[in-house]
Structure formats: C-alpha cells, structure tokens
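Working notes, beginning with the structure itself.
The values are calculated or read from the model by the stated rules, or taken from the named source; none is laboratory data. Just so it is clear, the structure is predicted and the values come from calculations on it, not from any experiment. Because the Cβ atoms are built from the backbone with ideal geometry, glycine has one as well, and the counts that use them run over all protein chains shown.
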Amino acid sequence: MIILKRTHIKLAFSLYSLCEKMTEMISIGKIKKNLQTKRVGRRIYCYKVVSSTNNVAKKLAEENASEGTVVVAEEQTSGRGRLDRKWFSPKGGLWFSIILKPEVKTVDASKIVFAVSLAVANTLRKNFNLKAEVKWPNDVLVNGKKICGILTESVTSDKSLKYVVVGVGLNSNISVKEIPRNLRESTTTLKEELEREVELESLLCSLLFQIEQEYTTFLNKGFADILKRWKRIASFLGKRVEVVEAGKKYDGVAQDVDEEGLLVVRLTEGTVKKFTVGDIKVRL
Ligand code: BT5
C-alpha cells in the first residue's frame, strides 16, 4: 500500500503546476531530459493556448518569478510583434518567452535582442545546416525570408531595469500555405526549408542553451563581442536598403550597425543617418 504524506502531495502539486495546462505537442518530460542550461528554462511553464507568451511571462515576472523562467505555448491567440503588430502563431510553431534580470543600464537592455538573434541563427546553422542570417533589428532569415522574430520588452521601476521579457517566435512545423497570403512571399518555416518536421522539444533545448551562452557572453564580455559575430552573419550590410521609420521611407546603403546597436545608412542624397527603430527591406 502506498501512503502519501502531505509533503508528497505538495510536491506532486507543485510539479503539476509547473506545466500548468498539459500540452499535446510539446512534452515537458522531453524538455527536462534534454535541457543542458544552468538557469534558462529550469523553471518552465507549458501551455496549449495563451494570448501571448510575453504577456504570461510579464505576469509571472510581476509575481517575482526567477531569472530564466520560460513560458512556451503551442498556439498564441494574440501573438505580438513590435508596435503591437500581429504575430501569426498557429500550432506547430515554437513560441516562447524568457524572463531575464540583467544587471545593466536600462538603455543597454535593448541590445539583448542581438545576443538572442545570434543564438537563434547559430542554432539553425548548427542543428540543421541552414544558412541562417540576421537582419536588423530583430529578425532571423533563411534564404532571405523571415523564419523568426524576436520581441524584447523591458520593464523599469524608478528608472532602473526591473526585468526584460524576450519573446521568440520560430516558424517550425508550419507550412507556408498556413500563413496569411500577404506574408507568404517574405516568410519561411523550418518545415519548408527542411521538407520535414522537427522535434520541438530538442529544438527548444538547443535554443535555450545557445541563448544562455550568448546572454552570459553579453553580461561578461559586453556588447562588442556579440555585435562582431552578429555582423558576420548580417548579409544586409553593404546592400541597398529601404528603411521605414515612423511611416517615412528612406533609401540608401546599409553601412553598419554601431556600438549602440543603431543602424547606420548612407542615404542616396549623400548624408548619413542613424536609426534607432524601423524596418528594413533589402533592394535587389
Ligand atoms: C517581430 O516583430 O518579428 C517579433 C515577433 C515576436 C513573436 C514572439 S512569439 C513569442 C512571443 N510572444 C509574443 O506575443 N511575441 C513573441 P516585428 O519585427 O514587428 O514583425 C512583425 C511583422 O512580421 C508582422 O507585421 C508581419 O508582417 C510579420 N509576421 C507576422 N507573423 C509572422 C510569422 N509567423 N512569420 C513571419 N513573419 C510574420
């Protein structure tokens, strides 16, 4: 006969609450088995459907969740990009957010997106031999098409940084046919590129491992090391681009991304302009 003590029941309950609603496609057991990180993903919440993993992560951070807590969902009903743009997030994708609490100045928190996009691109290169590239400020591309977008949101209190939520959306086991028509030309997925499906759990573990490595480099060595390696896989540099900033279009050549993470463009009329936000399109 098994006698369950109060402590056993408490433990079982807390383990269950870690996965909250049980997921169908993503197995928490497989994640726990494969995870090689020290902190990132050691506490992980898996959901079938949420509005946005960034929203759930922010709520957890407000409840004092520890650094490295991860929220992953099989589907998002209100996935977001920058400026509240819609992020299409059907089943089959990898949609997750990480709570980070870096001891850096608030202005430097925006540089974390470079560490994360570098980590995602390198994971796709290493795991699948894809020629993944980064595009300023927050995209990962394969064959010139967007496969992943990253949304970092910083929360401050009394001007000092409280936490950062980094949301990663990677189009994985989705076919382009499932993506809205207007996005199909500029979008790709792992399923399209590899002509097969991938195991989401081991992919998530590889991504979390690589993200933890680059985040640690960012904290210990600073932004310069990240930026140097990021630029090596940024094929838009040196190309003719169109930049859209606050609804206004600019034409020029993408010259550099500077030590603050700003995009430097030599405009067609000859002047040089630095952009803090915006979207770039490479002109053929
Ligand atoms: C991004 O914004 O690229 C950041 C996307 C971050 C998504 C993750 S998923 C987990 C976490 N939870 C969230 O709610 N968000 C994060 P931005 O650079 O603003 O690009 C948004 C634009 O990308 C849209 O306006 C569309 O044009 C396009 N888009 C939307 N869904 C897409 C998809 N699945 N694949 C490729 N492009 C997409």
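Worth a mention:
- Qualifying positions in the range 65-108 - part of a helix (DSSP H, G or I), of a type outside the set (Asp, Glu) and away from the ligand (no atom under 16 Å from the Cβ): 106, 107
- Selection status of residue 159, within 22 Å of residue 236 (Cβ to Cβ), in the same structural domain as residue 214 (by TED's automatic domain parsing) and out of contact with any Pro (no Cβ under 7 Å at 6 or more places or on another chain): no
- Count of the range 185-198 residues which are without any contact (Cβ under 8 Å) to a residue 24 or more places away in the chain and either within 15 Å of the chain's Cα centre (by Cα) or closer than 22 Å to residue 34 by Cα (or both): 1
- Options 272, 257, 253, 265; residue that is surrounded by 15 or more Cβ atoms within 10 Å (Cβ to Cβ), free of Cβ contacts under 8 Å to residues at least 24 places away in the same chain and not assigned by TED's automatic domain parsing to the domain that holds residue 151: 253
- Test: residue in the range 45-63 that is within 18 Å of residue 113 (Cα to Cα), part of a strand (DSSP E or B), in the same structural domain as residue 29 (by TED's automatic domain parsing) and not polar (S, T, N, Q): no
- Being away from the ligand (no atom under 16 Å from the Cβ), of a type outside the set (Val, Ile, Thr) and more than 17 Å from the chain's Cα centre (by Cα) is a property that residue 223 has.
- Test for residue 223: is it surrounded by 20 or more Cβ atoms within 10 Å (Cβ to Cβ), in the same structural domain as residue 82 (by TED's automatic domain parsing) and over 25 Å from residue 143 (Cα atoms): no
- Test result for residue 147, within 16 Å of the chain's Cα centre (by Cα), closer than 22 Å to residue 175 by Cα and within 12 Å of the ligand (Cβ to nearest atom): yes
- Contacts under 7 angstrom Cβ, first residue in the range 28-52 being under 14 Å from residue 200 (Cβ atoms) and touching a residue at least 60 places away in the same chain (Cβ under 8 Å), partner within 16 Å of the ligand (Cβ to nearest atom) and polar (S, T, N, Q), 6 or more apart: none
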